[in-house]
Amino acid sequence: MNPLLLCLAVIFLWDGYFFVNYLLHLFTEYRTGQWLPKVSILIPAYNEGEHVLKAVRSALAQDYPDFEVIVVDDGSEDNTFEVASSVKSPMLKVYRMEHGGKARALNFGLSKASGEVIVTTDADSYLEPDAVKELVRRFHSDEVLGVGGQVRVAGGSFLEMAQDAEHLRIAMFRRAKELDDLSLAPGPIAAFRREAIERIGGFVEDIVEDYATTKAVKEFGKVVYAPRARVWTKMPKSLAVLWRQRKRWFLGDLKNLGGGFTKDLTFLLLSDVVAFFDVIVPPLLLITGQFELFALGWFFETFTMLLPTLFEGGRLINALLFPLIIWFWAVFYLTLHIYGYLSVLLRRA
């Protein structure tokens, strides 16, 4: 048996499993409701003078009948407060507080909010006009306490395109496996019943406050996914900044794991095994002259990314370059995860 063919088969089975599930859920209508509560959109901001204006304008442009926008300047050292305050609208409130971190800024905004539903977004992000409407539609029953939307990455560099492709892959995974059991309502586009946030004592102060808050809310009800609620966000443009960001996320995620197979350590380790195969198989196929298998792998990865790209509103370049992008992410995350595991083990030793 050709060992490289066996490794390639493992990759096909793993990715194919999620691709098939994605196709099954793509044409299945998910549950929605007709509830139209007042919404408070919270925008915590720290040194975001360059981006906050676009975030505020996109929030105020929401196609929704009853909402307010609350910007909380978390002790910025730039002109964030002045820029946000320059927008004149009866639906906008801008506050300034001493620097205390994102969760504290969100909780300050919560104390000033009057909405039954609290929507969070980031000051370096901009919501599509129907984002709030699509989030609220997913509160189809009283047991739904939270909703997360789809995060997309703006920008045209390879690193930004790679991050956008990564988020398209996440959108594919969430539609396939997490429509009604979302593991993370992402900070740039999430909605919670106010009563649920108050029940857990406010947004959780954690290095990954969105993950920790989602996990706490799920102790009392459901958090679901809204595929059509979309936000565009800024992401790191350099590898060093990307590493620092994902290191913080991963170390925070490790202590918040739990909630079923696709959200626990077993799943994470299995995904790392597949990532290892993603790293070694393509170059070994080229080195050993197995060009037919290399071409088959390239076609498979491109094809399984093409449909999500088309249906989720992605750019064609994401699919065409995806075999290169997935190899980059496999190397990056395998390195990051090994670093993370060793960090945890050494701290416990």
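Might you let me know whether the range 65-78 holds any residue that is in a helix (DSSP H, G or I) and small (Gly, Ala, Ser)?
Start the filter on the range 65-78 by keeping residues that are in a helix (DSSP H, G or I), which leaves none.
No - not one qualifying residue is present in the range 65-78.
Results for (1) within 28 Å of Val223 (Cβ to Cβ); (2) in contact with a helix residue (DSSP H, G or I) (Cβ under 9 Å, 6 or more places away or on another chain), shown as yes or no for each residue.
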{"site": "Val56", "(1), (2)": "yes, yes"}
{"site": "Asp78", "(1), (2)": "no, no"}
{"site": "Ser86", "(1), (2)": "no, yes"}
{"site": "Asn107", "(1), (2)": "yes, yes"}
{"site": "Leu110", "(1), (2)": "yes, yes"}
{"site": "Thr120", "(1), (2)": "yes, yes"}
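Would you confirm, using the coordinates I've provided, whether Tyr95 is assigned to a strand (DSSP E or B) and either within 16 Å of Phe192 (Cα to Cα) or under 19 Å from the mean Cα position of the chain (by Cα) (or both)? No. If the condition is being surrounded by fewer than 20 Cβ atoms within 10 Å (Cβ to Cβ) and part of a strand (DSSP E or B), then the range 172-222 contributes only Lys222. When the range 26-64 is limited to residues that are touching a strand residue (DSSP E or B) at 6+ places or on another chain (Cβ under 6 Å) and in a loop (DSSP other than H, G, I, E, B), the one that is nearest to Arg104 (Cα to Cα) turns out to be Tyr46.
Matching residues to (1) buried (at least 17 other Cβ atoms within 10 Å of the Cβ); (2) within 13 Å of Asp124 (Cβ to Cβ):
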{"position": "Ser58", "(1), (2)": "yes, yes"}
{"position": "Ala61", "(1), (2)": "no, no"}
{"position": "Tyr64", "(1), (2)": "yes, no"}
{"position": "Val69", "(1), (2)": "yes, no"}
{"position": "Gly100", "(1), (2)": "no, no"}
{"position": "Asn107", "(1), (2)": "yes, no"}
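A residue that is under 23 Å from Trp232 (Cβ atoms), buried (at least 19 other Cβ atoms within 10 Å of the Cβ) and within 20 Å of the chain's Cα centre (by Cα) occurs somewhere in the range 26-42.
Right, Gly289: free of Cβ contacts under 8 Å to residues at least 40 places away in the same chain, outside the structural domain of Val52 (by TED's automatic domain parsing) and outside any helix (DSSP H, G or I) or not? If you could, list the steps in order and put the result at the bottom.
Details: free of Cβ contacts under 8 Å to residues at least 40 places away in the same chain: yes; outside the structural domain of Val52 (by TED's automatic domain parsing): yes; outside any helix (DSSP H, G or I): yes.
Here the answer is yes, as Gly289 does meet what is asked.
Screening the candidates Ala330, Ala319 for the property of being surrounded by 20 or more Cβ atoms within 10 Å (Cβ to Cβ) and farther than 16 Å from Arg152 by Cα yields one hit, Ala330.
The values are calculated or read from the model by the stated rules, or taken from the named source; none is laboratory data. Just so it is clear, the structure is predicted and the values come from calculations on it, not from any experiment. Every residue, glycine as well, gets a Cβ built from its backbone with ideal geometry; the counts of neighbours run over all protein chains shown.
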